[in-house]
Amino acid sequence: MERTGIDLWVGMFVVAGVAALVMLAMKVGNLGTYNVSDAYKVHAYFANVGGLKATASIKSAGVLVGRVESITLDTERYEAKVVMSIDKRYQFSRDTIGKILTSGLLGEQYIGLDAGGDTEMLKDGEQLKMTQSAMVLEDLVGKFLYSKAEEPAK
Amino acid sequence: MPAAKTIRAIGHRTINAVWRIGMATRFFFLILMYSGSSFRRFHLIIKELFSTGVMSLIIIVVAGLFVGMVLGLQGYETLKRYGSESALGVMVALGLVRELGPVVAALLFASRAGSAMTAEIGLMKATEQISAMEMMAVHPIARIVAPRFWAGIISMPLLAALFSAVGVFGGYFVGVVQIGVDEGSFWAQMQAAVDFEHDILNGVIKSFVFGTAVTVIALFEGYDAPPTAEGVSGATTRTVVTSSLAILMLDFILTAMMFGGS
């Protein structure tokens, strides 16, 4: 084959391959959807994080506002310390409540933020004071059994 | 003493295997050493890109489409039991980007392009073209081997990316267009679950490693082949077998390093 023909085909091949990579990054991956470069960090303590993982999403009113940065056990309080990075565009009041919720019945866990009424906003490095831990199935079953036992026998 | 004979045979085979691994490693470094001149004559690499990359396009695209479609069908059948058909996009995309894209593309590449490389170089050696080159003071590794090596390394990640991209569309076609999974949740859940660095970049790294392994094995087998018809055919077979096994073993190691324990 002619040299220019080969050049053309190889050029098309390389362009198609790079286009496939870009398409994977943008359309399949999360590069086109969310960027954590401009974010501030807050942390919160949870009695139990359940199945929450680092990089789990943080949502407020169902909108993705950030990602979980890290989860560690604080050995002074024996509670899980969750560091969250939240997009700078979204400011939350200082009495915001953080809850660990589950998307769907078997879905993955995420942190839901319920905004409060405080006029002061959370700043980088501050702590969410009010949290609600993850639901643990064994605890729920235990509560259910206790409440059943307390009911008067029919 | 039959026992001593068996042990001697084992020893002989082991020494042979280690010797070949050592030769292949030396060969690899020789290629890297002589790569400079092949970059100065880039049209040689482009010519090889045509025969390894462009000629593999059709098999890669068609295979990717069908693998994606099968993933869509099978994934739907399984996910339906748990009422989570909306996670079909996640399953198809993660399966392709992390594993099937790099691995299947590399296996196809080994049998489509790797075997051709081995046969070509083996035949060049059998017809004494390589010795002729040496006599003309042209280093055969710089002129023949290095361009093929770089062409393989460049084309493998591109082919794997094409395989994954086409496969995602195959899964989309079966899942959304044919079966009727919700289109929004197909793409949205996929985008939420697939991470650029953790999934896509690691897949590219995998295909890069596989491309290196396949081309080095193919070129070494060709260069090392006995200069007879039988020798070349045996070398071609060995290329496909060895590189397929190498891909699968490397895949396990890389997967354990990238995704294990997280």
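The values are calculated or read from the model by the stated rules, or taken from the named source; none is laboratory data. In this text, all values refer to a predicted model and were calculated from it rather than measured experimentally. Cβ sites come from the backbone with ideal geometry, for glycine too, and all protein chains shown count toward neighbours.
Brief remarks on what is shown
- Criterion violated by A:Val136 - all others in (1) closer than 27 Å to B:Ser86 by Cβ; (2) out of contact with any strand residue (DSSP E or B) (no Cβ under 8 Å at 6 or more places or on another chain); (3) without any contact (Cβ under 8 Å) to a residue 40 or more places away in the chain satisfied: (3)
- B:Gly22 being more than 14 Å from every other protein chain (Cβ to nearest Cβ) and modelled with pLDDT of 90 or more: yes
- If only residues of the range A:80-122 that are within 14 Å of chain B (Cβ to nearest Cβ) and not β-branched (Val, Ile, Thr) are counted, the one that is surrounded by the fewest Cβ atoms within 10 Å (Cβ to Cβ) is A:Leu105.
- Here B:Ala126 meets each of (1) under 27 Å from B:Ala246 (Cα atoms); (2) within 13 Å of another protein chain (Cβ to nearest Cβ) with one exception, condition (2).
- Pairs, first free of Cβ contacts under 8 Å to residues at least 40 places away in the same chain in the range A:43-57, second among the hydrophobic types (A, V, I, L, M, F, W, C) and surrounded by 18 or more Cβ atoms within 10 Å (Cβ to Cβ), C-beta under 6 Å, six or more apart: A:Ala54/A:Val68
- Condition check for B:Ile31: in contact with a helix residue (DSSP H, G or I) (Cβ under 8 Å, 6 or more places away or on another chain) and within 14 Å of chain A (Cβ to nearest Cβ): no
- If the condition is being over 11 Å from the mean Cα position of the chain (by Cα), modelled with pLDDT under 85 and at negative phi, then the range A:104-114 contributes A:Leu105, A:Leu106, A:Gly107.
- Residue check, B:Gly72 over 27 Å from B:Val103 (Cβ atoms) and of a type in the set (Gly, Ala, Ser): no
- The condition of being part of a helix (DSSP H, G or I), within 13 Å of another protein chain (Cβ to nearest Cβ) and either in contact (Cβ under 8 Å) with a residue 60 or more places away in the chain or surrounded by fewer than 24 Cβ atoms within 10 Å (Cβ to Cβ) (or both) holds for only one of B:Ala160, B:Ala146, B:Ala213, B:Ala188, that being B:Ala188.
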